[in-house]
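Written below as structure tokens is the structure these notes are about.
Since every read-out is calculated from the coordinates, none of them should be taken as a lab result. Small disclaimer: the values here were computed from a predicted structure and weren't measured. Using ideal geometry, Cβ is built from the backbone for each residue, glycine included, and neighbour counts are taken over all protein chains shown.
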Amino acid sequence: MRIAALAPSLARGERRVAEAIATDVQRAVDMTAQELAEAVGVGRASVIRTAQTLGYDGYPQLRVALAREKAFGAAAPAAAEGSLGVVRAAVDRFARALPHTAGAVTEDAVEAFVAALDQAPRVVIAASGLSAPLGYDFAMRLTSAGRPAEFLPDTLAQHIGARQLVAGDVLLTISGSGANAATLHAADAARDAGATVLALTAFARSPLVSRATTVLVVPPVTGSFQDELMQTSRAAFALVIEALVEALVVRRGPRGRGAREATLAVVSESLGE
């Protein structure tokens, strides 16, 4: 690990950061730069400088490198028996995590989230990488519920759409890590334009959270940043998205039910023999 090699040459504050990381890598992986700074007793800038001195663009890139080293350096877990065993183990793991997922979603946040979607003249969705399919799914579900939403897969187009929003409009962001650069740029553009920024993310202390008006935190299956990087599951996000659209339909009453009936009519006509 390059931390051990470079630690002696670091400035005192940076050396304290490096030593804290080396002492408990898993803890460092799951901490933001601000959390690590507070734990060590230095400024956030010292954490960032430490990461840069170690050869990374910033602390997020150092966290990823630490997670990769820890994951690939550890002994492989006992494999489930056969492909069916792997599938069952994954399903069981997700089922055990569901109470944790539901418990992290608060009533006030859900009400504010759904109200903003209901009332906004325009909704643009920003999601990229593994969250992009969720953006497409959310847009389709909202449109089917009578709440048109725009999702453009290209991140530059998302940024342009966010920049063109006005007060009262909504930018709906989806990012597991809460640190996706393209999504953060779109959130900054929407906020500068005076729009409401809604966020679905897995971590309560992430860069996206500080940019959002309302946040719904959907924790990863194990609550670990490392597992978010390695497993990148979006199953819990998909479940919450379905539930949010259902809540929107209920909130809209006859309008929501009418939109659902129109959608079902189109689906019925599209079915062949």
### Query
What are the principal axis extents of the Cα atoms in the stretch 119-218, in Å, biggest first?
32, 26, 24
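Any idea what % of Cα-Cα pairs in the stretch 88-270 are farther than 22 Å?
That fraction is 43 percent.
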### Query
What's the extension gain from VAL250 to GLN61 if we count 0.36 nm per residue and subtract their Cα-Cα distance?
63.8 nm
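Take the Cβ-Cβ distance between LEU264 and ALA235 as r, set R0 to 30 Å, and report the resulting FRET efficiency rounded to the nearest 0.05.
On the way: r = 26 Å, r/R0 = 0.86.
So the FRET efficiency works out to roughly 0.70.
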### Share antiparallel - DSSP beta bridges, the stretch 88-270, percent rounded to 5
0
### Task
Evaluate the distance, in nm, between pseudo-label points positioned 7 Å from the Cα of ARG96 and of ALA157 along their respective Cα→Cβ axes.
4.2
### Message
Per 0.36 nm of contour for each residue apart, how much would the distance between ALA167 and ARG12 grow if the chain were fully extended, relative to their Cα-Cα spacing?
### Response
51.1 nm
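With r defined as the distance between the Cβ atoms of GLN34 and VAL105 and R0 fixed at 30 Å, what FRET efficiency is calculated, to the nearest 0.05?
Numbers: r = 24 Å, r/R0 = 0.79.
With R0 = 30 Å, the Cβ-Cβ based efficiency is 0.80.
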### Task
Between VAL86 and ALA115, with labels modelled 7 Å along Cα→Cβ, what's the label distance in nm to one decimal, could you check?
4.7
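If we sort 238-250, 114-126, 164-176 on the protection proxy, mean other Cβ atoms within 10 Å, highest first, what's the order? Walk me through the numbers on the way to the answer.
On the way: 238-250: 17.5, 114-126: 20.5, 164-176: 22.3.
Taking the mean over residues of other Cβ atoms within 10 Å, the ranking is 164-176, 114-126, 238-250.
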